[in-house]
Amino acid sequence: MRDNKTMAHVHPRITIEADKRDGKPCIRGMRITVQDVLGWLAHGMTEAEILDEHPGIEKEDFEAVYAYAAELAATVGRK
């Protein structure tokens, strides 16, 4: 069981753990990062292809990835 003190939920379905993937935001505590998913999409993979290749990912995870990325992008340039 994970220690809640070491795992931060920064968005529904997105977690950050200091000892996992260098503290990058991951999907539901898995070792798949938001950056991984966005990179696959940017390189032309479809959601269906990602779901086929990574059975741990669920359709709802894409919505969380997009929302997290949008929130992060909105902070760029803020003071």
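Points to keep in mind about this one:
- Tally of residues being assigned to a helix (DSSP H, G or I) and crowded, with 16+ Cβ neighbours inside 10 Å across segment 26-50: 6
- Number of residues in segment 13-25 that are of a type in the set (Asp, Glu) and either part of a loop (DSSP other than H, G, I, E, B) or in contact with an Asp or Glu (Cβ under 6 Å, 6 or more places away or on another chain) (or both): the value is 1.
- Every condition in (1) touching a strand residue (DSSP E or B) at 6+ places or on another chain (Cβ under 6 Å); (2) at pLDDT 95 or above is met by His9 except one, and the failing one is (2).
- Of all residues in segment 51-79 being within 13 Å of the chain's Cα centre (by Cα), part of a helix (DSSP H, G or I) and among the hydrophobic types (A, V, I, L, M, F, W, C), the one that is surrounded by the most Cβ atoms within 10 Å (Cβ to Cβ): Val65
- Among the residues of segment 51-79, those that are aliphatic (A, V, I, L, M) and in contact with a helix residue (DSSP H, G or I) (Cβ under 9 Å, 6 or more places away or on another chain) comprise Leu51, Ile57, Ala64, Val65, Ala69, Leu72.
The values are calculated or read from the model by the stated rules, or taken from the named source; none is laboratory data. Bear in mind that the values here come from a model prediction, so they are computed numbers and not experimental data. In this analysis, Cβ positions are derived from the backbone assuming ideal geometry, glycine residues included, and neighbour counts consider all displayed protein chains.
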